[in-house]
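Here is the structure we will look at, set down as C-alpha cells.
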Amino acid sequence: MKKRPIKILWFSWKDLKNPTAGGAEIVDEEIAKRLVKEGYEVIFVVAGFEGGKSVEKINGYQIIRLGNKWTVHWLAYRYYKKNLVGWADLVIDGYFAIPFFCKFYAKERNILFIHQICESIWFYQMWFPLNILGYLAEKLVLLTLKHSNVIVVSKSVKSDLKRYGFEEDKIAIITLGIRIKPVENLAEIKKYREPTVLSFGSIRPMKRPDHILKAFGIAKREIPGLKFVIAGCPSGAYGRKFLEEIKKSKYQNSISYYGHVSEAKKIELMHKAHIFCMTSVHEGWGLTVTEAASQGTPTIAYNVNGLRNSVQDKKTGILCRKNNPKELAKEIVKLFNNQPLYNTLQKSGWEFSKQINFSRSVENFTEIIDGLINNK
C-alpha cells in the first residue's frame with residue numbers, strides 16, 4: 001500500500017512574491033519546494049498584497065493569501081477553523097514579531113519556526129509609543145510560548161530564546177542555504193579596478209546603511225580611490241533621508257546607487273566588490289553575508305546576534321570591536337592594507353559558503369518535523 005504523504009500547514013507573515021519579502025521568505029519557500037519533491041504536501045497561509053492572487057500554486061506547494069499584514073493573523077485563524085482543521089499532520093507557526101498562536105487552537109501537532117526575534121529592532125523600525133508597546137508585547141508573547149517546540153536558524157536565535165525560558169531540548173537548529181552558486185575558482189574573480197565597499201539590502205533603520213556611508217567617508221580620507229556601491233530599496237522617511245545624504249556627500253562621485261536589482265545584478269555586484277559591509281541591529285543569520293562570501297567577497301560586520309554566526313571573526317570575515325562607523329572605517333582600511341589577511345578571509349569564507357545549502361537545510365528540517373510527528 002502506498003504511504004500517505006505527510007501534510008504540512010505553514011502559517012507565515014509573507015510569501016516570496018510579496019514586495020517586502022526578504023531572506024526569511026527565501027528560506028521558507030526553498031525548503032517547501034524541496035519538501036514537495038520528497039513527497040510532502042505543503043500549504044502556506046500568508047498575508048495578501050496588492051496584485052497578489054488569493055490562491056496560487058508555486059513549485060508544487062499551495063499559497064493562500066488573506067487580508068494584509070495587519071489582519072492576516074486573525075483571518076488565518078478563521079480560515080483554519082472553517083477550512084483546514086484536521087487537514088495537516090503538522091502545523092508550522094512562522095514567527096515574525098507576532099506569531100499565529102497556533103499552539104492555542106491548532107488540533108494538530110505544531111511547531112514554531114523563528115528566523116529571529118525583534119527585541120531592539122522595535123526601537124529602530126517603529127515610532128513612539130508603538131516601539132515600547134511592541135517591545136514589551138514581544139517579551140510577553142515569548143514567555144507564553146516558552147514551552148513550545150521550535151526550529152531556529154542560528155545559535156544566536158537559540159540563545160535569545162533560552163533567555164526567555166525556552167527549553168534547550170525543544171529548540172532545534174537547521175542549517176540555512178543560499179540560492180547563489182559559489183564561484184568555481186577564486187583565481188578567476190575579477191574585482192573592480194578601484195577598492196570598493198558594497199552595501200546590499202533594504203534601506204531601512206534596522207539595517208543602518210547610514211553607518212556604512214559614514215564609515216566610507218572616514219575611510220576614504222586614507223584610501224582616496226575608495227568607491228562605495230549601494231543596492232536596495234529605500235523604505236519610508238529613513239530611505240528618503242539616506243538618499244539625500246548620498247546627494248549631499250562630498251564623495252558622491254565615488255558612490256553608485258542601484259536601487260532594487262535583479263538576482264543577476266546582485267551576483268555581479270557581490271562578485272566585483274572587494275568588501276561587503278553589514279551593520280544591522282540584529283539578524284537571524286544574515287544570508288547576504290554568505291552570498292557575498294560565495295562570490296569571493298569577505299564581510300566586515302557589526303558584532304550582533306546572527307552576524308556573529310554568519311561571520312567567523314578573523315576567519316571568514318571581520319567583526320567590529322565596537323559597533324560604530326569609526327570602528328567600521330578602521331577595519332575597512334586595515335583590511336585593504338593587509339592583502340595576506342584578505343586572501344585568507346576570502347578563501348575561508350568561500351569554502352564555508354559551500355556548506356550553506358538547502359539540501360542540508362531540508363535534511364535537518366525533515367528530521368525535526370518527522371520526529372515531532374512520530375512523537376520522538
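No value in this document is a laboratory result; all are computed from the given coordinates. Note that the structure is a prediction, hence the values are computed from the model and not measured. Cβ placement follows ideal geometry from the backbone for every residue including glycine, while neighbour counts extend to all protein chains displayed.
Computed over the alpha carbons of the chain, Rg followed by Dmax gives 21.3, 73 Å.
Legend: helices of the chain (whole DSSP H runs) are marked when their alpha-carbon atoms reach 20 angstrom or more along the helix axis and their mean Kyte-Doolittle hydropathy is at least 0.5; marked are 130-144. Taken along the Cα-to-beta-carbon direction at a fixed 7 Å, the label points for Y258 and N185 span 2.5 nm. The mean sequence separation of alpha-carbon pairs under 8 Å and at least six residues apart, normalised by the residue count of the chain, gives a relative contact order of 14 percent. As a proxy for reagent exposure, M270, M126 were ordered by neighbouring Cβ count within 10 angstrom, fewest first; the result is M126, M270. Annotation: for a label point projected 7 angstrom from Cα along Cα→Cβ of T144, residues of region 80-114 with backbone N closer than 19 Å are 80-81, 92-108, 110-114. A cut-off of 5 Å between modelled amide H atoms, ignoring neighbours fewer than 5 places along the same chain, links L90 with K7, L9. Label-to-label distance for E351 and W74 is 5.5 nm, based on points extended 7 Å past Cα in the beta-carbon direction. For the chain, a Gaussian network of Cα nodes joined below 10 Å ranks K33, K207, K247 by mean-square fluctuation, and the top entry is K247. When only Cα pairs below 8 angstrom with a gap of at least 6 residues are kept, region 49-115 shows a relative contact order of 23 percent. Each DSSP beta bridge with both residues in region 186-353 is either parallel or antiparallel, and the antiparallel ones are about 0%. Selection among T71, G23, V333 by position relative to the dipole of the chain gives V333 as farthest towards the positive end (Cβ unit charges, Cα centre).
Residue ranges 8-17, 48-57 sort as 8-17, 48-57 when ordered by packing (mean number of other C-beta atoms within 10 Å per residue, highest first). Highest mobility in the GNM of the chain, judged by mean-square fluctuation with C-alpha springs under 10 Å and restricted to N338, N110, N364, is found for N338. Name the most mobile residue of E30, E331, E188, meaning the one with the largest mean-square fluctuation, in a Gaussian network model of the chain with Cα contacts below 10 Å. Residue with maximal mean-square fluctuation among E30, E331, E188: E188. Assuming a viscosity of 1.567 mPa s and a temperature of 4 °C, what translational diffusion coefficient in µm² per second does Stokes-Einstein assign to region 186-353, Rh being the Kirkwood radius over Cα pairs? For these conditions, the coefficient is 83 µm²/s.
Projecting the Cα atoms of L90, L176, L9 onto the dipole axis of the chain, where Lys and Arg carry +1 and Asp and Glu carry -1 at the beta carbon, places L176 farthest toward the positive end. When DSSP beta bridges are restricted to pairs lying wholly in the chain, around 10% turn out antiparallel. Across region 341-376, the residues whose backbone nitrogen lies under 11 Å from the label position 7 Å along the beta-carbon direction of K37 are 358-360, 362.
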